[in-house]
1. Run the numbers for residue 124 and residue 32: contour at 0.36 nm per residue of separation, minus the present Cα-Cα distance, in nm.
2. With a Förster radius of 41 Å, plug the Cβ-Cβ distance of residue 52 and residue 315 into 1/(1 + (r/R0)^6) and report the FRET value to the nearest 0.05.
3. Identify all aspartates and glutamates with a Cα-Cα distance to residue 202 below 18 Å; exclude those on the same chain that are fewer than 8 residues away in sequence.
4. Which distance in nm do the two modelled labels at residue 205 and residue 138 give, with both placed 7 Å along the Cα-to-Cβ direction?
5. Calculate one ³J(HN,Hα) per residue across region 210-220 by plugging θ = phi - 60° into the Karplus curve 6.51 cos²θ - 1.76 cosθ + 1.60, and present them in order as whole Hz with x for glycine and proline.
6. For the pair residue 233 and residue 187, how long in nm is the line joining their label points, each one 7 Å along Cα→Cβ?
Amino acid sequence: QKSTKGSVVLGYVFRHLNLVEIDYFGLRYCDRSHQTYWLDPAKTLAEHKELINTGPPYTLYFGIKFYAEDPCKLKEEITRYQFFLQVKQDVLQGRLPCPSNTAAQLGAYIIQSELGDYDPYKHTTGYVSEYRFVPDQKEELEEAIERIHKTLMGQVPAEAELNFLGVAKSLEMYGVDLHPVYGENKSEYFLGLTPIGVVVYKNKKQVGKYFWPRITKVHFKETQFELRVLGKDCNETSFFFEACNKITCKHLWKCCVEHHTFFRVPENESNSLSRKFSKFGSVGYKHRYSGRTSLKMIRDPSVQLPRPDQCIERSRSKTYPKRTQQTGSKNMSQITTNEEDEGTTKIIAPSPVKRY
């Protein structure tokens with residue numbers, strides 16, 4: 001119902017997925033212009049005007065809202081499995097670029113989790129080509145995945161997924177939530193919200209990094225976004241960026257406030273930097289993140305994790321026809337990857353992320 005609060009909808013989803021470490025996840029939706037937003041637990045569906053304008057029906061996508069800095073340290077296997085599914089899709093859809101050798105390693109862990117140990121009688125030539133790992137997938141990558149898969153004997157799905165996350169977390173764009181902005185002379189930038197802070201990109205290269213403990217204020221007015229940072233000399237510097245419009249600027253501000261709150265330093269630190277947090281926000285606008293912070297989740301004694309005897313039902317990935325050998329040539333037919341991996345659709349489709 002339109003009067004239903006977001007927290008109620010989220011509660012249904014978390015119970016369905018049997019998740020306890022819930023604060024990493026959320027439900028995302030798109031407005032008519034394909035801008036994405038996160039469902040606010042404190043608001044009713046009717047208060048999400050961008051959502052209401054798209055339906056009925058109203059479509060929500062489950063996905064990771066806050067990427068754990070080290071997903072291998074998540075307490076429960078079911079949580080790590082959901083991270084595995086999301087990051088796997090991030091790689092497939094090009095949101096998490098990786099070099100070919102890393103892609104092969106990640107692909108091998110995916111195959112090991114999906115199919116188990118290599119068996120020459122079951123895994124005949126071209127078996128890897130039935131799966132999708134990266135955009136524009138080539139035969140050379142599949143051959144490399146097969147070679148590595150043969151070396152992973154004995155790894156159960158949970159172990160393969162843990163190893164997958166161990167490799168993926170080191171990638172430069174892991175957990176980066178990109179927002180397009182403009183700098184001086186209308187030059188194009190991206191602000192990336194990450195577990196450790198805000199990263200600034202220009203021409204796909206990192207040109208700035210500001211850690212959450214050093215960010216003392218974010219503010220927006222109309223289309224102007226301000227990021228205030230405390231330098232090593234204890235002086236504050238403001239960096240200004242221009243958003244496309246007021247709606248996207250406010251969305252960037254809200255996401256930044258929530259990331260800062262989730263990944264912030266402990267509240268009881270009585271130093272000058274902690275006192276500066278009191279200024280964090282925007283004049284005339286109030287927005288608070290209502291869930292647990294990353295630190296609280298780690299230290300929360302109310303739920304003993306991991307829970308004993310957890311049974312995890314894993315979803316099978318969508319498969320495609322094998323590559324076919326071309327007559328008189330060693331080259332295989334090309335594979336296109338326009339369709340998305342459907343490994344998570346048995347539960348709830350992961351969130352789409354706007355591409356820029």
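Just so it is clear, none of the values below were taken in a lab; they were calculated from the coordinates. Computed from a predicted structure; not experimentally measured. Glycine gets a Cβ as well: all are built from the backbone with ideal geometry, and neighbour counts include every protein chain shown.
1. In short, 28.6 nm is gained.
2. According to the calculation, E is roughly 0.85.
3. 172, 177, 184, 188, 226, 242
4. Each label point lies 7 Å from its Cα, and together they span 2.4 nm.
5. 10, 6, 3, x, 9, 8, 9, 7, 10, 8, 9
6. Spacing of the two 7 Å Cα→Cβ label points: 2.2 nm.
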